[in-house]
Amino acid sequence: MLVFFNPIKFGITFTLGNLLSLGSTAFLIGPKRQLTMMLDPVRIYATAMYLASIIIALFCALYVHNKLLTLLAIILELGALVWYSLSYIPFARSMVSKVMVACFDTEKQVWFDYETMQID
């Protein structure tokens, strides 16, 4: 509930937690290897979005002090974190993209016939 009552405080702690997690993985595998993995061509855009969302969240929380902007920055940071994390799992981003398109595609209608138990 902290995110709704005081999103600025939550945004700061959430973002610092993300920075600590990046630092902890750099500590475990080494900063050079962490940086080469982050700058891999497969995940360069996910890394850029993740780092940019961290900067935006800190900017909104520490400088702007706007609760709504901070809440939107937290949501952006969470989405970037998920997409960045999925970049380390083979074929995970393509699978999630296909599932999201299948869930939110309004052009293709899928009907289930309960008598024959088949999808039309």
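The values are calculated or read from the model by the stated rules, or taken from the named source; none is laboratory data. In this text the structure is predicted, and so the values were computed from the model without any measurement. For neighbour counting, all protein chains shown are included, and Cβ atoms are generated from backbone atoms with ideal geometry for every residue, glycine included. Surface accessibility is based on the protein's heavy atoms, side chains included, excluding ligands, DNA and RNA. Shrake-Rupley method; radii C 1.70, N 1.55, O 1.52, S 1.80 Å.
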For this session: Quick one: go through the range 61-92 and flag any residue whose amide nitrogen is under 14 Å from the point 7 Å out along the Cα-to-Cβ line of CYS103.
Result: 79, 82-83
For this session: Kindly provide log₁₀ I(q)/I(0) values, in the same order as q = 0.17, 0.21, 0.22 Å⁻¹, from the Debye equation applied to equal alpha-carbon scatterers of the chain.
Result: -0.91, -1.14, -1.19
Exercise. Taking the mean number of other Cβ atoms within 10 Å as a proxy for protection, how do you rank 15-21, 28-34 from highest to lowest?
Worked result: 15-21, 28-34
For this session: State to the nearest 20 debye the size of the charge dipole of the chain about its Cα centre, where the only charges are +1 on K and R beta carbons and -1 on D and E beta carbons.
Result: 740 debye
Exercise. Probe 1.4 Å, all protein chains in place: accessible area of PHE14 in Å², nearest 10?
Worked result: 50 Å²
For this session: Rank by packing, highest mean first: peptides 66-74, 91-99, 44-52, with packing defined as the count of other Cβ atoms within 10 Å averaged across residues.
Result: 66-74, 44-52, 91-99
